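First the structure, in the form of C-alpha cells, and then the observations on it.
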Amino acid sequence: MSRKRPKPEEIVAKLRQADVLVGQGQSVAEAIRAIGVSEVTYYRWRREYGGLKSDQVRRMKDLETENQRLRKAIADLTLDKLILQEAAPGKLTSPARRRACIEHVRTVLKVSERRACKALGQHRSTQRKAPRGKDDEAALVAELIEFARSYGRYGYRKVAALLRADGWLVNDKRVERLWRQEGLKVPARQPKRARLWDGDGSCIRLRPEHRNHVWSYDFVETRTHDGRKFRMLNVLDEFSRECLAIRVDRKLKAADVIDVLSDLFILRGVPAHIRSDNGPEFIAKSVQSWIAAVGARTAYITPGSPWENGYVESFNAQIRNELLNGEIFYTLKEAQIMIEGWRRHYNTVRPHGALGYRPPAPEVFVPAIAARPAAPAKLAVVQRPTLH
C-alpha cells in the first residue's frame, strides 16, 4: 500500500523540525534523515512551503478552497449562459416546448438532464414523464381536424362549441391545446377601429330589443367563374342574429327589394324598423312608401358611415370570409344553392360568439311520446299531456 500524503500542517512541522536541527549544528543531510524523507522530497517541500507557519498554511488552504469554489461558480454561470443562449431563439411557453428545448440543449452542449432542467426552470419529473392524454384523444383530434377542414374560417372556440353540440364533453382549453398541437390556426383579421356613433339610424341610437324589432338589409356583390357579377340581398334580424333571407340574382332593383320584404312580412310579420344604408334601391320612393304602407319604419344610417349598420355589415364579412372567398361558382344556380345551404347552416348549426356560441335559430327535435300503459277502468277521461 502507498503511504498517505502528509497534510500541509504536517509538512510545515517537519520543515520547522529540520530547521531546528540545522540550527543545533547538524548538517542538512542529517536533518533530512531525521525527519524521515528523501532529499528530493525535502527540497520540494521547501520550495512549496518554505518560510510558512501553520496558521499561514491553513489560510492558504482556505484561499485555495475559496478559489476552487469561485472557479466552479464561474464555470456554472458560464454554462448557464450558454444554455440560455442556446434556448433563447424560441419561447418556452409550454412544458412540451421546454422538454424539446432541453433535449436540444443536451444534444448540443453535452450537459446532463439535471443541469439543463435547473438552468431552464423545468422540473425533472415534468421532463421525464410526458403526458399520455386521455383514451379518447385520437378520436377527438380526428374530429377536431375534420371540423377545421370543413369550416376553415372557424377558430378553436367555435369548433369547441361544435364538438360539444356533437356530444363531446370538452372545454375550450383542451380544444385550444389540441388545436395548437396540430398546428391549426386562422389568419388574423383586421384590427377593430373605434368609431363615432352619431346617426339617427345607428346601432347605438336604435338598439334591437326583441325579435322583429329591427331588421337590417344590405347588398353584397361578387362574381361567378366567368367574371360576370351577381348580387345578394341579405336580410337580418338584429336581435336574434338570424339571417331571414338571401336573394341571389344578376340584378336586384327596388322591385326585388319589395318582393323579398313582402315574402318575409307574410311569413314572419312586420318589424318595427328596417335599417339600411342610403343605396338607391333602399331610398327609392316606391320602397319607402311601400314600407310605410305596411306599418314599418325605415332607419337610414348617416351617409358614408357603414359602421352604423354594424349587424348586417358583420354578417356580410362573415359570409364573404367563410363562403365567398373560398368557393368558385360556375353558374348562378350553383351560387344560389350553395348560398342558401350556407344560410341554413348559419342559422341552425354555426356557433355565434355574441349568443354564447349558440346558433341563432337551432333546429328543435321533439321526441316521440313513449307508449303509456292503459288507464285504470275507473277513470272515465284521461287528459292528454301538453308539450311545452
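Ordered from highest to lowest accessible area with the whole protein assembly present and a 1.4 Å probe, TRP290, TRP45 read as TRP290, TRP45. Of all aspartates and glutamates in the structure, the ones whose alpha carbon falls short of 20 Å from that of LYS61, not counting any fewer than 8 places away in one chain, are GLU9, GLU10, GLU48.
Given axes a ≥ b ≥ c from the Cα gyration tensor, I'd like to know whether segment 237-320 is rounded (a/c under 1.5), prolate (a/b larger than b/c) or oblate. Rounded shape, in that the Cα axes give a/c under 1.5. For ALA75 and ARG97, a Förster radius of 25 Å and the Cβ-Cβ distance give a FRET efficiency of 0.35, rounded to the nearest 0.05. Only one residue of GLY152, LEU169, GLY121 has its Cα farthest out toward the positive end of the dipole of segment 88-179, where Lys and Arg carry +1 and Asp and Glu -1 on Cβ, and that residue is GLY121.
Give the calculated FRET efficiency between ARG268 and ASP135 to the nearest 0.05, with a Förster radius of 45 Å applied to their Cβ-Cβ distance. Rounded to the nearest 0.05, the efficiency is 0.40.
Going down the table (LYS129/LYS185; LYS7/LYS81; LYS4/LYS72; LYS118/LYS158; LYS134/LYS158; LYS4/LYS81), which pairs top 32 Å between alpha carbons? Where the Cα-Cα span goes over 32 Å, the pairs concerned are LYS7/LYS81; LYS118/LYS158; LYS4/LYS81. Cross-link partners for LYS229 among the lysines, with Cα-Cα distance under 23 Å and sequence neighbours closer than 8 places in the same chain left out: LYS251, LYS253, LYS333. Its relative contact order, with pairs defined as Cα atoms under 8 Å and 6+ residues apart, puts segment 146-189 at 42 percent.
The values are calculated or read from the model by the stated rules, or taken from the named source; none is laboratory data. Quick caveat: nothing in here was measured; it's all calculated off a predicted structure. Note that each Cβ is placed from the backbone with ideal geometry, even for glycine, and that neighbours are counted across all protein chains shown. We work out accessible area using only protein heavy atoms, side chains counted, and drop any ligands, DNA or RNA first. Shrake-Rupley method; radii C 1.70, N 1.55, O 1.52, S 1.80 Å.
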